[in-house]
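Right, one structure below, let's go through it.
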Amino acid sequence: MYDVCIIGGGPAGMYSAFYCASRGLNTLLLEGNKKLGGRLHYYLDMPIYDLPGQYGITAEEYLRNLERQLHISSAQILLNERVRHVHFDQHFTVQTTSNTYEAKTIINATGTGYIQHKKLQSESITAAALPHISYSLPANFESTEKIAIIGHTPMAIDWAIQLKKRGVDVLLIESQSIQLQPILMDAIQALQIPIRSLQHTQIDYHLSTFSINDEPFSHVFCHIGTTKESFTLPCRVVQKDNSYTSLAGYFIAGDARFEQDKLKLIHGATHDAMQASNAAYLYLKPNDTYQPIVSTHHPIFKDWNRH
């Protein structure tokens, strides 16, 4: 049985796992996707300017730092383990799509839930083309050929803007009327990104090349939104201050934690992670001190770094 099971492998979950392990807890991190990072994967090649002491670091660099930090710890990390149900009877039982795990405490770091991309269905797209449409944009993607982006979401528009700034010839195909923040609409106009309606577009695929109204395109990317899933709990859970909830031993960190006027920033998620980790630690060891040993003097880091 684990001391703590952390559900969700974004920044809040990754740092929760690291911090719980640094406090000596037998730690399990479950992530439903094939890789850690959560929503950082939406903007891997973009700089982040609001992280203390890491001005301008890209999301990909920040993720690699989180991964390096996590992997030197003693936390166990399991991917492709989407949690379906959490039961409680003296301890927690966590059921995933393929396994069952037991833990004394839980930290919910699922953000807004397990996210899947909505798949495109349209009479404008042939059956041959549909399987070759990509729903994520690789970091630092470049092309000397024409590419198309289908969508109406801020993410789709941002992809088009970023690629155009890199000199890629981009066609934006709106799946429905685009009505977004003025800053995005102004950028589209300033960069002269052409927009075409999906309703008046025919997309086919043959011999590794897309054909859009008989013009060749090397790639087609799509973002039309996401669907979100969560897991069931044994009872109604009310959130309280500092990651606590009405269910003893069940704590929340990151965007899964709701609070009036909360700033949903990466740095806030990692702060939540420390609060939730310490709360789980004190739940298991109520007579111990709340304040952990600072990392510069903590012997566990010297031991981890030797390995």
Say the dipole of region 132-238 comes from +1 at the beta carbon of Lys and Arg and -1 at that of Asp and Glu; which of 148, 211, 161 then lies farthest toward its positive end?
-> 161
First compute the accessible area of the chain with a 1.4 Å probe, then give the percent of it belonging to carbon and sulfur atoms.
-> 49
Accessible surface of residue 272 - all protein chains present, 1.4 Å probe, nearest 10 Å² | 10
Give, in nm to one decimal, the length gained when the segment between residue 265 and residue 135 is fully stretched (0.36 nm per residue of separation minus the Cα-Cα distance).
-> 44.4 nm
Please list 58, 112 in order of solvent-accessible area, largest first, computed with a 1.4 Å probe with all protein chains present.
-> 112, 58
Solvent exposure, largest accessible area first (probe 1.4 Å, DNA, RNA and ligands not counted), of 14, 46, 1 | 1, 46, 14
Rounded, prolate or oblate: which fits region 1-65 when a ≥ b ≥ c are the square roots of the eigenvalues of the alpha-carbon gyration tensor, with rounded for a/c under 1.5 and prolate only if a/b beats b/c?
-> oblate
To the nearest 20 debye, region 1-157 has a Cα-centred charge dipole, built from +1 on Lys and Arg Cβ and -1 on Asp and Glu Cβ, of 200
With a ≥ b ≥ c the root eigenvalues of the C-alpha gyration tensor of region 102-184, is it rounded (a/c under 1.5), prolate (a/b larger than b/c) or oblate?
-> prolate
Once you sort the root eigenvalues of the Cα gyration tensor of region 216-307 as a ≥ b ≥ c, which label holds: rounded (a/c under 1.5), prolate (a/b larger than b/c) or oblate (the other case)?
-> oblate
For the chain, with +1 on Lys and Arg beta carbons and -1 on Asp and Glu, the positive-most of 298, 78, 10 along the dipole = 298
Among 84-95, 294-305, the order from most to least packed when residues are scored by Cβ within 10 Å on average = 84-95, 294-305
With all protein chains present, calculate the accessible area of residue 227 using a 1.4 Å probe and round the result to the nearest 10 Å².
-> 60
With all protein chains present and a 1.4 Å probe, how do 244, 42 order by accessible area, largest first?
-> 244, 42
Probe 1.4 Å, accessible area per residue of region 160-252, Å² | 57
Relative to the chain, whose Cα atoms define the longest principal axis, helix 59-71 and its Cα axis are tilted in degrees, nearest 10, by 30
Once you've got the GNM for the chain with C-alpha springs shorter than 10 Å, pick whichever of 278, 65, 287 has the biggest mean-square fluctuation.
-> 287
Give a quick list of trypsin sites (Lys or Arg not before Pro) in region 100-160 that DSSP marks as loop, anything other than H, G, I, E or B, with at most 12 other Cβ atoms within 10 Å.
-> 119
Once fully extended, how much extra length lies between residue 45 and residue 65, figured as 0.36 nm per residue of separation less the alpha-carbon to alpha-carbon distance?
-> 5.8 nm
Before anything else, pin down the relative contact order of the chain: Cα pairs under 8 Å, at least 6 apart, normalised by residue count, whole percent.
-> 22
Residue pairs, from the table 34/264; 35/104; 262/302; 34/119, whose Cα atoms sit over 29 Å apart | 262/302
Area accessible to solvent at residue 174, 1.4 Å probe radius, in Å² | 50
Region 249-296 pair-distance distribution - Cα-Cα, 5 Å bins, rounded % | 5, 20, 24, 21, 15, 11, 3
Most mobile of 109, 187, 256 in a GNM of the chain (Cα contacts under 10 Å) = 187
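The values are calculated or read from the model by the stated rules, or taken from the named source; none is laboratory data. Fair warning: this is a prediction, and the values are worked out from it, not measured in the lab. Neighbour counts run over all protein chains shown; Cβ positions are idealised from the backbone, glycine included. Ligands, DNA and RNA are excluded from the accessible area calculation, which covers all protein heavy atoms including side chains. Shrake-Rupley method; radii C 1.70, N 1.55, O 1.52, S 1.80 Å.
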